[in-house]
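Before any comments, here is the structure.
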Amino acid sequence: MTRHPLWLTTFIGLILIAVAIGAHGLLADSMWHDEQLSLLYAGGLTDTPINPLDTVTRIIERESGQAPFYYMLLSIWGSLLGWTVFAARTFSLIVGVLAIAWAYRLGSDMHSPFAGLCSAIILGASAFFSAYLHEVRTYSLLVLEILIVLTLYWRLLNHKQSWLMSVVFVIVVTATLYTHPFAIGAIGALGLYHILLAPRIGTWWRLFILFAVSGILFLPWAVPTLSVIANRVENNTRTLTIRTNA
């Protein structure tokens with residue numbers, strides 16, 4: 001009988017726990033406002049199916065400042081599996097479990113299998129992340145994309161590069177930017193690290209160019225997104241309400 005390393009057994013157990021937590025919440029409550037908006041953008045609230053381009057049009061018309069990629073994927077997912085609450089939330093669960101597995105991959109690549117296991121445990125133990133495992137929102141996809149970007153960046157910076165990996169890097173970075181406005185900060189921080197702190201080895205310039213190409217591909221959406229954000233800040237459309245017992 002083959003004995004598996006303790007770290008592998010622990011990792012498999014962690015994945016099963018994450019699946020159980022996410023699955024428990026799939027039908028635990030009704031959809032709230034933001035989940036309904038996700039369905040609206042993706043076409044889950046219409047009598048006739050819409051295509052991904054219709055999703056983009058809906059987001060632009062509402063001037064929400066949202067990015068379209070998650071809703072385009074959700075539109076495809078719903079057209080294949082239907083628009084039940086269970087089906088819509090399962091997409092987030094699957095993507096979130098993949099994110100935990102990728103956290104292990106990233107830690108293992110950068111240091112060791114033990115470091116990968118610690119990374120997966122930290123992500124899987126996050127209360128916020130666990131909550132979004134069973135909500136029709138973009139955040140589990142965003143986490144997965146950022147982890148993939150970091151993995152590809154590490155490999156391209158420290159190992160022999162291939163044009164295929166370079167192309168995949170541009171695609172994933174661009175998709176991440178088109179997933180949520182928060183991605184601008186995450187990808188921007190990685191870009192600043194590359195410019196200011198990354199070692200100027202032979203692969204540095206290629207990665208710099210790949211970042212630049214991804215930024216150019218995001219420009220058509222960056223301009224209206226930043227305009228909406230600036231307008232909301234100026235008009236103070238989002239306020240924080242503080243409640244007291246007084």
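Computed quantities for the displayed model
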{"item": "Note, ³J(HN,Hα) from phi for the range 189-201, Karplus 6.51, -1.76, 1.60, rounded to Hz, x at Gly and Pro", "result": "5, 5, x, 5, 4, 5, 6, 9, 10, 5, x, 7, 8"}
{"item": "Å² per residue, accessible surface of the range 71-170 at 1.4 Å", "result": "45 Å²"}
{"item": "Karplus-derived 3J(HN,Hα), 6.51/-1.76/1.60, for each residue of the range 61-71, Hz, glycine and proline x", "result": "5, 7, 6, 8, x, 6, 9, x, 4, 4, 5"}
{"item": "Vicinal HN-Hα couplings computed from phi for the range 9-18 (Karplus, 6.51 cos²θ - 1.76 cosθ + 1.60; Hz; Gly/Pro x)", "result": "4, 5, 5, 4, x, 4, 4, 5, 5, 4"}
{"item": "Estimated distance in nm for a label pair at Ile195 and Leu6, the labels positioned 7 Å out from Cα along Cα-to-Cβ", "result": "4.6 nm"}
{"item": "Extension gain, Cys118 back to Trp204 (0.36 nm per residue minus Cα-Cα distance, nm)", "result": "28.1 nm"}
{"item": "Under-5 Å amide H pairs with Thr46, H placed in peptide plane, nonlocal only", "result": "none"}
{"item": "Stretch gain in nm, segment Leu27-Met165, where the contour uses 0.36 nm per residue and the Cα spacing is subtracted", "result": "45.8 nm"}
{"item": "Extension gain, Ile94 back to Phe182 (0.36 nm per residue minus Cα-Cα distance, nm)", "result": "29.5 nm"}
{"item": "Arg62-Ala20 pseudo-label distance in nm [points 7 Å out on the Cα-to-Cβ vector]", "result": "3.6 nm"}
{"item": "Three-way shape call for the chain based on the alpha-carbon gyration tensor, with the a/c threshold at 1.5", "result": "oblate"}
{"item": "Simple label model, 7 Å out from Cα along Cβ direction - Ala230 to Trp154, nm", "result": "3.7 nm"}
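The values are calculated or read from the model by the stated rules, or taken from the named source; none is laboratory data. Treat the numbers as computed from the prediction; the structure is a model and nothing was measured. Quick reminder, even Gly has a Cβ in these numbers, built from the backbone with ideal geometry, and neighbours come from all protein chains shown. Please note that ligands, DNA and RNA were not included when accessible areas were found on the heavy atoms of the full protein model with its side chains. Shrake-Rupley method; radii C 1.70, N 1.55, O 1.52, S 1.80 Å.
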